[in-house]
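Data block below; observations after.
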Amino acid sequence: MLQHSLEIRVAYQETDGQRRVHHANYLNYFERGRVEMLRSFGHDYKGIEDRGMMFVVTEMNVRYFAPADFDDVLTITTEVVELRKVRMRHRYTIRRGDTVLVEADSVIACVDRNGKPARLPDLTPVHQPDKELAS
């Protein structure tokens, strides 16, 4: 289905006292991956919200295999594995080089301004994604 990769460098403030990425920061990485995937396909998340729709996380399952450290360059791969009327399922893989550090799955629902389920907007790619390096 839809897939996108984003490279990031681990910032110092994302780490704990041992200079390892704090486990909660991976949720931010997944969010960043989803937003940048939409952008790479020509969709603007801010514009989706301006039209009265929001994406909310209804389920998240994370599996940690190895730590990431301050200043590591990581690749976040975000994939849409299922699209339904009001929700979508993503799969994430975070790697340092060839080493898989974290895998996760999420379910994201679309809701209106009142928090009621809303039909997903058309997320068909306008163009093919680019690989990016974000700092």
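Just so you know, all these numbers are worked out from the coordinates, no wet-lab data involved. What you are looking at is a predicted structure, and each value in this text was computed from that prediction instead of being measured. Glycine gets a Cβ as well: all are built from the backbone with ideal geometry, and neighbour counts include every protein chain shown.
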Practice task
Identify, from the list Met53, Met1, the residue that is out of contact with any helix residue (DSSP H, G or I) (no Cβ under 8 Å at 6 or more places or on another chain), within 28 Å of Asp112 (Cα to Cα), touching a residue at least 40 places away in the same chain (Cβ under 8 Å) and surrounded by fewer than 15 Cβ atoms within 10 Å (Cβ to Cβ).
Solution key: Met1
Exercise for the section: Give just the number: which of (1) under 15 Å from Arg9 (Cα atoms); (2) part of a loop (DSSP other than H, G, I, E, B); (3) of a type in the set (A, V, I, L, M, F, W, C) does Ile76 not satisfy? Expected result: (2)
Exercise for the section: Kindly establish whether Phe70 is more than 24 Å from Lys116 (Cα to Cα), in contact with a Ser or Thr (Cβ under 6 Å, 6 or more places away or on another chain) and in contact (Cβ under 8 Å) with a residue 12 or more places away in the chain. Expected result: yes
Practice task
Search region 25-46 for residues that are at positive phi and pair each with any residue that is surrounded by fewer than 17 Cβ atoms within 10 Å (Cβ to Cβ) when their beta-carbon atoms are under 8 Å apart and the residues are at least 6 apart or on different chains.
Solution key: Gly42/Pro125; Gly42/Val126; Gly42/His127
Exercise for the section: From the list Arg95, Arg63, Arg39, pick out the single residue that is within 13 Å of the chain's Cα centre (by Cα), closer than 29 Å to Val10 by Cβ and of a type in the set (D, E, K, R). Expected result: Arg39
Exercise for the section: Considering every residue within region 107-114, establish whether at least one is out of contact with any strand residue (DSSP E or B) (no Cβ under 9 Å at 6 or more places or on another chain) and either without any contact (Cβ under 8 Å) to a residue 40 or more places away in the chain or not small (Gly, Ala, Ser) (or both). Expected result: yes
Completion exercise
Met60: passes all of (1) touching a Ser or Thr at 6+ places or on another chain (Cβ under 6 Å); (2) part of a strand (DSSP E or B); (3) buried (at least 16 other Cβ atoms within 10 Å of the Cβ) but (3)
Handout entry: Residues of region 1-43 that turn out to be among the acidic types (Asp, Glu), closer than 30 Å to Pro121 by Cβ and assigned to a helix (DSSP H, G or I), as a count
Key = 2
Handout entry: Some residue of region 42-52 being under 18 Å from Met88 (Cα atoms) and under 13 Å from the mean Cα position of the chain (by Cα)
Key = yes
Practice task
Kindly check whether there is at least one residue in region 65-74 that is farther than 18 Å from Leu2 by Cβ, of a type in the set (Phe, Trp, Tyr) and buried (at least 16 other Cβ atoms within 10 Å of the Cβ).
Solution key: yes
